[in-house]
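Below you'll find the structure, written out as structure tokens, and then a few comments.
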Amino acid sequence: MNLMLSDLVWLSALIILAALWWHGQGVKARAVAHARLYCEQHDLQWLDESMVIRRLWPVRSRSGSLVLQRTYFFEFSSTGEYRYRGAVIMEGYNLKSVDVQTYHMQ
């Protein structure tokens, strides 16, 4: 088998993309757990059991290392009548914040 340099570059790029996707799935699983816990603690109903990434940005962590900050959106309800949006912000594997829209109390 005769590999050219361009083949190795493409293979390396594919491996890097696969590793980033794999890492992102782990971060998303943690974000889902944080959203679920937040909803349980505040007596909210997490709707659709889904989470969508809306932003991916490199930032400096508290320790000074470069990490990816991901913002995930989810929807919840407090009364079962209206839908509200929440956001989970992750820096690397660490939770930065959980933010939610103002909602009606039961």
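The values are calculated or read from the model by the stated rules, or taken from the named source; none is laboratory data. Fair warning: this is a prediction, and the values are worked out from it, not measured in the lab. Positions of Cβ are backbone-derived with ideal geometry, glycine not excepted, and every protein chain shown enters the neighbour counts. Side chains included, ligands, DNA and RNA excluded: accessible areas come from the protein's heavy atoms. Shrake-Rupley method; radii C 1.70, N 1.55, O 1.52, S 1.80 Å.
With both labels modelled 7 Å from their Cα along Cα-to-Cβ, the Leu95 to Asp48 distance reads 2.2 nm. In the chain, the sites counted are trypsin sites (Lys or Arg not before Pro) in DSSP loop states with at most 16 other Cβ atoms within 10 Å, and the longest stretch holding none of them, exclusive of the sites, is 1-61.
Set against the 2.2 N^0.38 Å expectation for a compact globular protein, the stretch 1-94 has a Cα radius of gyration ratio of 1.46.
Can you give me the relative contact order of the chain as a percent, contacts being Cα pairs under 8 Å and 6 or more apart? Let's see the in-between values first.
On the way: 149 pairs, mean separation 21.9, N = 106.
It comes to 21 percent, rounded to a whole number.
Accessible surface of the chain, 1.4 Å probe: 59 percent of it comes from carbon and sulfur atoms. Surface exposure of the stretch 9-106, expressed per residue as accessible area with a 1.4 Å probe, stands at 70 Å². Taking the Cα atoms only, what angle lies between the long axis of helix 5-41 and the longest principal axis of the chain, rounded to 10 degrees? Taking the Cα atoms of the chain, the angle to 5-41 is about 10 degrees.
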